[in-house]
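The values are calculated or read from the model by the stated rules, or taken from the named source; none is laboratory data. Quick caveat, the model's predicted, so the values are computed rather than measured. Cβ placement follows ideal geometry from the backbone for every residue including glycine, while neighbour counts extend to all protein chains displayed.
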Amino acid sequence: MKNNMTVRRGMTLKRKEALTGYLFILLPLISLMILMYYPILRSFFISFFDWNVLEDPKFIGTENYKTLIGDEVFRTSLVNTFKWVIIYVPMSVITSFLLALLLDRKIKGSGFFRTFYYLPVVCPIVCVALLWVWIYNTDYGILNYILGIFGIDPIGWLTDEKYSLVAIAIMSTWKWSGYNMLIFLSALQGIDESLYEAAALDGITPWQKLRYIKLPLIMPSIYFVMLTAVIDAFQMYTEIFIMTKGGPGYSTYTVSYYLWSNAFEYNKMGYACAMAAVLFVIIMAITLIQNKFFNREYDA
């Protein structure tokens with residue numbers, strides 16, 4: 001009898017714990033449904049309508065998607081988006097990883113340097129973008145002033161199609177490297193010191209330590225940083241809006257910026273939602289490819 005009572009009390013306690021757990025996750029789950037999943041589904045639904053926000057939407061089927069196929073500006077913005085990803089993601093990930101390697105060493109003032117490198121992350125993106133607009137200024141920017149000391153002619157960092165995307169990528173790398181650096185640094189410092197000690201007995205070189213110990217053990221962190229960097233790169237908008245407005249020409253037009261222009265400048269909300277749906281599919285496909293590639297690496 002006592003055993004049955006104990007079992008019942010244990011089951012009651014487990015139910016209460018389960019109910020408490022469900023109550024704790026209920027609010028975040030509702031928020032996720034309302035603020036993320038519903039807008040995604042709603043956006044996909046609106047992509048089949050012609051809607052200028054001010055009037056009632058008019059169902060037009062797949063016309064918005066057919067228009068996208070023949071839209072030269074959209075094709076240009078899509079190419080620019082992929083260019084941006086190819087330029088920015090390796091630059092950001094490599095810079096963050098190198099900073100983490102430097103700060104992983106036991107040196108004086110490492111805490112100061114961690115704070116120093118992370119400081120741009122907490123600065124508002126608008127302030128950072130405006131700061132770099134002044135730095136890049138062709139006439140009085142400090143970067144061209146430094147180049148002039150070495151006899152190099154001023155470069156139109158934001159006014160020349162050859163340099164505009166690279167210039168914004170440098171700024172974004174400076175802005176966000178501190179965040180990814182902390183992720184890499186925490187992964188590096190989580191490696192068991194006994195592995196280094198055992199490797200030192202075998203006379204391992206620093207390069208071998210990096211290749212055979214550090215890189216394999218922090219691969220999950222590398223995957224996370226690369227995944228988030230790619231997703232963020234495809235949605236890049238604020239930097240372009242502040243620094244170039246999509247120019248010069250259409251050299252910095254990305255899908256996100258073109259989407260915003262159609263939605264809030266031209267009031268083509270249905271057309272903008274069609275772009276958002278295409279961008280969603282592209283990001284999802286690349287995420288799945290990355291996931292498959294890294295899973296294969298883990299299995300190897």
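Below is a table of values for the structure above.
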{"item": "Filter result for TYR196 (modelled with pLDDT of 90 or more and at negative phi)", "result": "no"}
{"item": "Failed criterion for VAL121 (all others in (1) over 26 Å from VAL255 (Cα atoms); (2) surrounded by 10 or more Cβ atoms within 10 Å (Cβ to Cβ) hold)", "result": "(1)"}
{"item": "Residue in region 96-117 that is touching a Leu at 6+ places or on another chain (Cβ under 7 Å), surrounded by fewer than 16 Cβ atoms within 10 Å (Cβ to Cβ) and of a type in the set (Ser, Thr, Tyr) present", "result": "yes"}
{"item": "Residue within region 144-160 that is more than 29 Å from ASP104 (Cβ to Cβ) and in contact with a Lys or Arg (Cβ under 7 Å, 6 or more places away or on another chain) present", "result": "no"}
{"item": "Check on ASP71, modelled with pLDDT under 95, assigned by TED's automatic domain parsing to the domain that holds LYS214 and farther than 27 Å from ALA229 by Cβ", "result": "yes"}
{"item": "Those helices (runs of 4 or more DSSP H) lying entirely in region 196-259 with at least 2 residues closer than 27 Å to THR159 by Cβ", "result": "219-234, 238-243"}
